[in-house]
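A short worksheet on the structure shown next.
The values are calculated or read from the model by the stated rules, or taken from the named source; none is laboratory data. Values in this document were obtained by computation on a predicted structure and should not be read as measured data. Note that each Cβ is placed from the backbone with ideal geometry, even for glycine, and that neighbours are counted across all protein chains shown. With ligands, DNA and RNA removed, areas are computed over all heavy atoms of the protein, side chains included. Shrake-Rupley method; radii C 1.70, N 1.55, O 1.52, S 1.80 Å.
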Amino acid sequence: MQAIRTNEAGLRRDEWLERLKLFGLGSPAILLILIILVIPVGWLFYVSFIGADGTFSLENYERMLRRKSYARIFQTTFEVSFLTTGLCILIGYPLAYFISGLPNRIANLCLITVLLPFWTSLLVRTYAWLVLLQKRGLVNEWAMSLGLWDEPIKMVHNMTGTLIGMVHIMLPFLILPVYGAMRAIDRDLMKAASNLGASPRHAFWTVFFPLTLPGLFAGSLMVFILCLGFFVTPAVLGGGKVIMVSMKIVSNIELFVNWGAASALGVVLLVSTVAILWIASRFLNLEKMTGGGH
Amino acid sequence: MLRWFRSPATETQITHGQRLWLYVLAVVIMVLLVTPTLIVIPMSFSDSQYLEFPPETWSMRWYDHYFGSPEWMRATVTSFKAAILTMLLATPIGVLAAYGLHCSKVRFVRAAFVLMITPMMVPVVLVAIGAFYAYVQLQILYTLTGLVLAHTVLALPLVVIVTGSALKGYDMSQEAAARSLGAPRWKAFLTVTLPQIRFAVVTSALLAFLTSFDEVVVAMFISGGDNPTLTRNMFNALRDQIDPTIASISTIMILVTTGMMVLAQLFGQQKEPTRPKD
Amino acid sequence: MTSRNSEALPISIRNVTKTYGAVHALNDVSLEVESGEFLTLLGPSGSGKTTLLMVLAGFTRPDCGSLKFGDREVIRTPPHLRDVGMTFQSYALFPHMTVAGNVGYPLKLRKVSKPDIAARVEGALDTVQLGGFGDRRIDQLSGGQRQRVAVARAIVFEPRILLMDEPLSALDKKLRDQMQIELRHLHEKLGMTTVYVTHDQREALTMSDRIAVVNHGRIMQLATPRDLYERPANRFVADFIGESTFLPVSRQGQTILFDGQPLLHDVPAPDTDNLSLMVRPERVVLSREGPREGANNFAATATDVVYQGDSYLLHAALASGGQIVLRGAMRGANASSLPSVGDALTLCLAPEDTVLIDGSER
């Protein structure tokens, strides 16, 4: 027997209209991003496959594989990223652990020491390190007056300075997710572990630490990806000795106006970033990290 | 005092004494985190070219230099204009987008969300050179318009994420109640939902402002000519030599940032929803 | 002061279907709610009762169907133009407004003048016994008070239809019982057509003029509380309302047999072959003098006796297999001696209490 379906067409139309209107609220945002970001970057993809004579060619990519300077740049970029991430973990994890054990009020106060640099301009922080680490800068002056070393050490315009600056900038990105994960751990679990016979150290490594791994992973991932594409701090503190991919891209445009080379590098950078994110998303719920979707 | 060293600090009964190394380490790290940021402030009052700490002679020399320089002033105005316009553009667009995504039942929501956070995921350098080329074609290179549009795109993911997570924690049945009482959806949003997510909206606006104000790489490429930003000039100055004027500018920037954060706290502060008494 | 609403509207629901993918939340539902009636939609979680209420309110758009408030077709009308009062399970009060702000909100939308708003708000608050609470903030109120504010807000603009989505589920038992009576009185006073959703069958029986039992997106039975309890249409309804045990019976021509013996029953059996005997615990009688004339008698052995203060429960195994549960009052002979486990008993069921129902669940 055929069921009676009154108003079916009209109701369906209403439903689509409503969905369209809601989705349409996001259209200015989507439009802007398409025009300013997606299309230009798509164009960059295209340009990377255009050679000097204006036809399709892979010479930009070949150059990257051939020239030793490019190999060094990739190596430097990965080195800096790995070292920065590693140092951030070594320094940031204990601090996060310390703060997570504090009562709420005091913990929030301590968090300000992490958030204050986070909110301060990147340029200001980079400049601060430039001033502190220079030959006649504070660090050298104080170290020499304390007798730590006799001659001023060169700590800026090299890898050391770059690393110090990068670690300082990236620390909050690691500490915040790790702290969040630690705070979410039920303190009763540690009591249970003790009760069941675990020594404090054993309890930490078998109960607490594994539970913080998602946050640690998320934070490290974020730091690593940010380091890969980072420009300002290495450019200032590296003084031309530490050349990362982003700096090469900029110099390719600014100095040589070589769009082919720059965009090829950019594509490599973008593809590596996306690949790492994709691999990580297999192990981590990215949406939970950024709190998105439904 | 000694007793404190022997009292337990954790659920696993480790004493404070055993954890002393952690406390010392933590304090050292916290000091190292904050000091570089703050030390610029007193150093900016140093009279010498080398910015000593503590300053041997106190002077406003570098501030005079900054305020007295037409280029620096023009750049500052540009930065402020760009930041305010970015804030005014990115916040409504982002809040609406977050609301639309939150209420939307379409299957493309996930894809739309990923699209909206791409500006955060793509390396800034690429955004910068892409925008540079696009603006040359559109002939809006070195204009304020172009700068604001690019900064808005950079700020949008933050607005969407912050507002989105506030909406997640919000009881949408309140909006439904308002609609059942006679308010069309837009009115229900404005009179009921928005007041309750205002902390997130204010924070997003602040983040949008700061994203634009502090932004270096994109500004390096697309601001210039008549409209260089403060950060662009600062960066160029840093690359060449250490101009102590930058210390005074940095201090001012720190004050602006801190000021904004205080404002956000004052305007946006939301009371914790309390539980019913029975 | 809201006066008795003599213009309450009837509601006509016809062929409403709502599917989510393969799942039918509402399956060709039709229902007529009379003007001024208090109708309860009763069912377990996921039965579709809340979905139907949301369709009435306009928040859920069905795939097809017709919905009329009086003569007006409203199925395509957006929620803010339907002019119905609604309370939500979470109360949905606006925390950034005072009680008066909340209750006055619908009046403000309807462009009522400020002095009128104040008067009507006060009147509504009086009606729910919260007179003078206008200046309070929402977070200062107890659960019961919040519930009343929600009701006041829903009635202040004198809607002719009131929808309530499990309004009492968040309250403790004592308060819930009290509020049930208050809401019932409110309905009698204001007279608006009310559709009430709950999963609590006792609540439904207490408050309703009629109850629609809902399951799997269909209406299982629409009847007065009494008819529903005493003449359930099928096993699901019988099981959902009140307690009962079910015994299998067979048909032989016009007679219904249990364990080979014909049953005496006043109410005719439904016209199906899948029949069950529904036994309500409070209708079973323990006969200390053996089988009774003119009643259905069952030989049984007591397996469990549970004292419950105001009554006792007796679980008994029938000689023919199967179980009967009896609930007896604690008075008379029972007060001095309850039966013990293992006792041989005769249980009786009067013909007027012998109810045969359709044994299927749909």
How many partner chain Cβ atoms sit within 10 Å of a residue's Cβ in peptide A:129-136, on average, as a whole number?
-> 4
Tell me, what is the per residue accessible area of the stretch B:123-278 in Å², probe radius 1.4 Å?
-> 37
In debye to the nearest 20, how big a dipole does the stretch C:55-201 give about its Cα centre with +1 on each Lys and Arg Cβ and -1 on each Asp and Glu Cβ?
-> 340
Which value results for Rg/Rh of the stretch A:205-251 when Rg is the Cα radius of gyration and Rh the Kirkwood radius based on the inverse mean 1/r?
-> 1.26
Positive-end extreme of charge dipole, chain C - chosen from C:MET220, C:VAL103, C:PRO291 (charges on Cβ) | C:VAL103
Report the percentage of all Cα-Cα pairs in chain A whose separation exceeds 34 Å, rounded to a whole percent.
-> 42
Would you mind listing how long the protein assembly as shown runs along its three principal axes, going by Cα atoms, in whole Å with the largest first?
-> 118, 69, 64
Tell me, what is the per residue accessible area of the stretch A:83-202 in Å², probe radius 1.4 Å?
-> 46
Measure of compaction for the stretch B:1-57 (Cα Rg per 2.2 N^0.38 Å) = 1.85
Can you give the accessible area buried between chains B and A, summed over both chains, with a 1.4 Å probe, in Å² to the nearest 100?
-> 7700
Calculated FRET value between A:ALA184 and C:TYR20, using beta carbons and R₀ = 35 Å, to 0.05 = 0.60
Any idea of the accessible area per residue across the stretch C:218-336, 1.4 Å probe, to the nearest Å²?
-> 52
Any chance you could check the Cα centroid distance between the stretch B:215-242 and the stretch A:162-219 for me, in angstrom?
-> 40
Picking from C:SER244, C:SER113, C:SER45, which is most flexible by a Gaussian network model of chain C using Cα springs under 10 Å?
-> C:SER113
Rounded, prolate or oblate: pick one for the stretch A:1-99, where a ≥ b ≥ c are the square roots of the eigenvalues of its C-alpha gyration tensor, a/c under 1.5 means rounded, and failing that, prolate if a/b is larger than b/c, else oblate.
-> oblate
Buried accessible area for the C:B pair, summed, 1.4 Å probe, in Å² rounded to 100?
-> 2100
Listed pairs A:LYS68/A:LYS154; A:LYS21/B:LYS168; B:LYS187/C:LYS111; A:LYS68/A:LYS248 exceeding 22 Å between Cα atoms | A:LYS68/A:LYS154
In whole Å, how far is the Cα centre of the stretch B:108-122 from that of the stretch C:26-40?
-> 45
Taking Rh as the Kirkwood radius computed over alpha-carbon pairs of the stretch C:74-128 and applying Stokes-Einstein at 10 °C with viscosity 1.306 mPa s, one gets a diffusion coefficient in µm² s⁻¹ of 126
Sequence-distant aspartates and glutamates (8 or more away, or on other chains) whose Cα lies within less than 15 Å of B:LYS81 = B:ASP214, B:GLU215, B:ASP226
So how exposed is B:MET60, as accessible area in Å² (1.4 Å probe, rounded to 10)?
-> 100
Using a 10 angstrom cutoff on alpha carbons, build the Gaussian network for chain A and name the most mobile of A:ASN195, A:ASN158, A:ASN140.
-> A:ASN195
Zero-based 20 Å bins, Cα pair distances in chain C, whole percents | 26, 45, 25, 4
Heavy atoms of A:PHE23: accessible area, 1.4 Å probe, square angstrom to 10 | 60
Heavy-atom SASA rank of C:ASP177, C:ASP165, C:ASP310, C:ASP71 (probe 1.4 Å, accessible area, largest first) = C:ASP71, C:ASP310, C:ASP177, C:ASP165
Percent breakdown of C-alpha pair distances by 10 Å bin, ordered from the shortest bin, for the stretch C:201-263 = 20, 41, 25, 14, 0
With the convex hull built on the alpha-carbon atoms of chain B, volume per residue in Å³ sits at 238
From other protein chains only, count the Cβ atoms within 10 Å of every residue's Cβ in B:214-222, then give the mean.
-> 4
Sorting B:THR258, C:THR245 by accessible area (1.4 Å probe), largest first, what list results?
-> B:THR258, C:THR245
What percentage of the solvent-accessible surface of the protein assembly as shown, computed with a 1.4 Å probe over protein heavy atoms, is contributed by carbon and sulfur atoms?
-> 60
In square nanometres, what is the average projected area of the Cα convex hull of the stretch A:84-219?
-> 10.2
Normalised convex hull volume, the stretch C:1-150, alpha-carbon set, Å³ per residue = 142
Mind checking which of B:ALA219, B:ALA183, B:HIS151 is farthest towards the positive end of the stretch B:128-222's charge dipole, using Cβ charges of +1 (Lys, Arg) and -1 (Asp, Glu) about the Cα centre?
-> B:ALA183
Where N is the number of residues in the stretch C:196-306, Cα Rg divided by 2.2 N^0.38 Å | 1.23
D (µm²/s, integer) via Stokes-Einstein for the stretch B:26-121, Kirkwood Rh across alpha-carbon pairs, 10 °C, 1.306 mPa s: value 88
Residue of A:LEU148, A:LEU265, A:LEU277 that the Gaussian network model of chain A assigns the largest fluctuation, springs spanning Cα pairs under 10 Å | A:LEU148
What is the dipole size for the stretch B:132-278, taken about its Cα centre, with +1 at each Lys and Arg Cβ and -1 at each Asp and Glu Cβ, in debye to the nearest 20?
-> 640
Excluding residues fewer than 8 places away in the same chain, name every one of the lysines whose C-alpha is closer than 20 Å to that of C:LYS18.
-> B:LYS105, C:LYS49, C:LYS68
